[in-house]
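What follows is a single structure, written as structure tokens, with notes after it.
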Amino acid sequence: MCSAVAFKRSLSDGEDFSRYASQMAQTLKLIAVDSTNPCSDAIPDSL
């Protein structure tokens, strides 16, 4: 998932990327063992 977010970031404008990254962040939170961001290089912690 992290690579998909990074790829989307390279292709999209800010608003489109923010929507996609937020959706992926919510999905990752459902399966994450702890509350850390496993994709901090691709998904900003602010999302």
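Among the residues of the stretch 1-46, which ones are outside any helix (DSSP H, G or I) and either touching a Pro at 6+ places or on another chain (Cβ under 9 Å) or open to solvent by less than 70 Å² (accessible area, probe 1.4 Å) (or both)?
Met1, Ser12, Ala32, Asn37, Cys39, Ala42, Ile43, Pro44
Output the number of residues of the stretch 13-47 satisfying the condition of being among the small types (Gly, Ala, Ser) and at pLDDT below 90.
6
Can you list residue pairs whose Cβ atoms sit under 8 Å apart, with the first residue in the stretch 16-31 being within 13 Å of Ser46 (Cβ to Cβ) and the second being part of a helix (DSSP H, G or I)? Count only pairs 6 or more apart in sequence or on different chains.
Filtered contacts from the stretch 16-31: Phe17/Lys8; Phe17/Arg9; Ala21/Val5; Ala21/Lys8; Ala21/Arg9.
The values are calculated or read from the model by the stated rules, or taken from the named source; none is laboratory data. No experiment lies behind these values; they were computed from the predicted model shown. No Cβ is skipped: glycine too gets one built from the backbone with ideal geometry, and neighbour counts run over all protein chains shown. Only protein heavy atoms, including side chains, enter the accessible area calculation; ligands, DNA and RNA are left aside. Shrake-Rupley method; radii C 1.70, N 1.55, O 1.52, S 1.80 Å.
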